[in-house]
Amino acid sequence: MITIIAAVTSTGAIGRRGDLICHIPGDLRHFKELTMGHPIIMGRKTFESLPGGALPGRRNIVITTRRDFRAPGVETVGSLAEAICVAGEADCYIIGGGRVYAEAMPIADALSLTEIDIDGPEDADTFFPEVDPSQWRMTARSETLTDPRTSVAYRFTDYTRRP
């Protein structure tokens, strides 16, 4: 099973200047719970945005066209197709960035989105692809939660691909 996981504002923004739009501790805990023990697939820029490098407890697979790119705790591949082959039979998570999400949308089985109730900032530079309701069916949605630090409202929403 290939699952795309992302935190998305109401305008589809997911990043700005190599960082998340919002750092919501509840979202980060949810991300960790879902991805722990599974291969995670990401682009090189997403990997480089991780503050501590490779995420522990997960197989980190980084897509890059830079043949000389190496980092501790990661496997590098040249394409999304190669990353999925390297992940093998395991359920895996696509964790970004924007180009990798767009390429993965046609082949993903599920979406696990944190919907953040803010408009993306004007300087957002990375966006999540549109979730086409003819392709995706919502299967779960949490109650609306509020980050106590920032008062930002958010919810966890799951989708599966329509047959």
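The values are calculated or read from the model by the stated rules, or taken from the named source; none is laboratory data. These figures come from a predicted structure and were not determined experimentally. Reconstructed Cβ throughout: ideal geometry from the backbone, glycine too, with neighbour counts over all protein chains shown. Keep in mind that these areas ignore ligands, DNA and RNA; they rest on the heavy atoms of the full protein, side chains included. Shrake-Rupley method; radii C 1.70, N 1.55, O 1.52, S 1.80 Å.
Of all residues in the stretch 1-37, those satisfying the criterion of being touching a Lys or Arg at 6+ places or on another chain (Cβ under 8 Å) and not in a loop (DSSP other than H, G, I, E, B) are Pro25, Thr35. Looking only at residues of the stretch 92-111 that are within 25 Å of Thr139 (Cβ to Cβ) and part of a helix (DSSP H, G or I), we find that the one that is most open to solvent (accessible area, probe 1.4 Å) is Glu103. The residues of the stretch 112-130 that are open to solvent by less than 40 Å² (accessible area, probe 1.4 Å) and either assigned to a loop (DSSP other than H, G, I, E, B) or not hydroxyl-bearing (Ser, Thr, Tyr) (or both), listed by number, are Leu113, Glu115, Ile116, Gly120, Pro121, Ala124, Phe128, Pro129.
Here are Arg58, Arg137, Arg155: which of them is under 26 Å from Gly26 (Cβ atoms), in contact with a Ser or Thr (Cβ under 9 Å, 6 or more places away or on another chain), modelled with pLDDT of 95 or more and in a loop (DSSP other than H, G, I, E, B)? Working first, answer last.
On the way: Arg137 fails: in a loop (DSSP other than H, G, I, E, B); Arg155 fails: in a loop (DSSP other than H, G, I, E, B).
Every option except Arg58 fails the conditions.
Report yes if Thr76 is more than 20 Å from Ala13 (Cβ to Cβ), surrounded by fewer than 19 Cβ atoms within 10 Å (Cβ to Cβ) and of a type in the set (Val, Ile, Thr), otherwise no. No: the conditions fail for Thr76. Taken together, the criteria place Glu89 among residues that are more than 17 Å from the chain's Cα centre (by Cα) and part of a loop (DSSP other than H, G, I, E, B). For the stretch 1-29, taking the residues that are among the aliphatic types (A, V, I, L, M) and open to solvent by 50 Å² or more (accessible area, probe 1.4 Å), the one that is nearest to Cys85 (Cα to Cα) is identified as Met1.
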